[in-house]
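The values are calculated or read from the model by the stated rules, or taken from the named source; none is laboratory data. Here the structure is a predicted model, which means the values were calculated and not measured. Here the Cβ positions follow ideal geometry from the backbone for every residue, glycine too, while neighbour counts run over all protein chains shown. These accessible areas exclude ligands, DNA and RNA; they are computed on the full protein's heavy atoms, side chains included. Shrake-Rupley method; radii C 1.70, N 1.55, O 1.52, S 1.80 Å.
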Amino acid sequence: MELAAFFAISVVVIVTPGQDTALTIRNALLGGRRAGVFTALGVSAGQTVWALATSAGLAALIVAFEPAFMALKLAGAAFLVYLGVHALLGAIRGETTETRSARRRSPLRQGLISNLGNPKMAVFFTSLLPQFGGSFAALLALGLAFCTMTFVWLTAYAFAVAKAGDVLRRPAIRRAFDAVLGAVLVALGLRLATDRR
């Protein structure tokens, strides 16, 4: 019964769109299915680090130590704002060469940085996992299950965006999509920076 509750909570959290979803969609639009899948893999790798840190008790220290928490939060917010501004500028300029440059940037690294730069993941993992497991192995297993579910969900997004890619890559639609995703990433970054916890 407890395991069912863990999976139910996990599904709700995972399917709720956030910064990792927006980044996966953006990269899948720019670089195709492969870029979207690698972004999802980066996000899941970041979550694996949080799961490991939670299992070892390190994430709780980050959450408790305000300067470290704030530094992580501001770095993550700056990264999101940077990506959002880049997308907005591309939409305003109507750049069509961004796809080539996006392939040179690592979607895996972007997904990893996006997730690791989100201290809410530390808060989430330290508040959720201990309710369902008490040992290092149990906490890690639950964390890895969450990471796997996230990877599957974000990969589904990558496949859907790639499948609709021909329509979404039309210049007018692409510019509008870049503008919306850019605004969403900037808004998420600003929200992360100004959120009190």
What FRET efficiency comes out for the pair Ala187/Leu74, r = Cβ-Cβ distance, R0 = 22 Å, nearest 0.05?
0.85
In nm, give the distance between the simple-model label positions of Glu2 and Asp195, each being 7 Å from the Cα along the Cα-to-Cβ direction.
2.7 nm
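Estimate the FRET efficiency between Val167 and Ala145 by the formula 1/(1 + (r/R0)^6), using the beta-carbon distance for r and 25 Å for R0, to the nearest 0.05. It would help to have the intermediate numbers written out before the result.
Working: r = 35 Å, r/R0 = 1.39.
Computed FRET efficiency for Val167 and Ala145 comes out at 0.10.
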Extended-chain gain in nm, criterion 0.36 nm per residue less alpha-carbon gap, Ile92 and Gln131
9.3 nm
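Quote the FRET efficiency, to the nearest 0.05, computed for Arg33 versus Val11 with a Förster distance R0 of 22 Å and r equal to the Cβ-Cβ distance.
Efficiency for this residue pair is about 0.40.
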Could you go through the stretch 155-163 in sequence order and give the Karplus-derived ³J(HN,Hα) for each residue, using 6.51 cos²θ - 1.76 cosθ + 1.60 with θ = phi - 60°, rounded to whole Hz, and x for Gly and Pro?
5, 4, 4, 4, 5, 5, 5, 5, 5
With a 1.4 angstrom probe the carbon and sulfur portion of accessible area for the chain, in percent, totals 71 percent
Roughly how tilted is helix 19-56, in degrees to the nearest 10 and between 0 and 90, from the longest Cα axis of the chain?
10 degrees
Listed candidates (1) 52, 35, 25; (2) 56, 45, 26; (3) 43, 40, 31 - label of the one calculated as Cα extents along the principal axes in Å
(1)
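What is the sum of charges around Ala183, taking Lys and Arg as +1, Asp and Glu as -1, for the other residues whose C-beta is under 14 Å from the C-beta of Ala183? Spell out each step's value before the answer.
On the way: positive: Arg26, Arg175, Arg191; negative: Asp178.
Counting the neighbours of Ala183, the net charge comes to +2.
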Against the longest principal axis of the chain, how steep is helix 107-116, in degrees 0 to 90 to the nearest 10, with axes from Cα atoms?
40 degrees
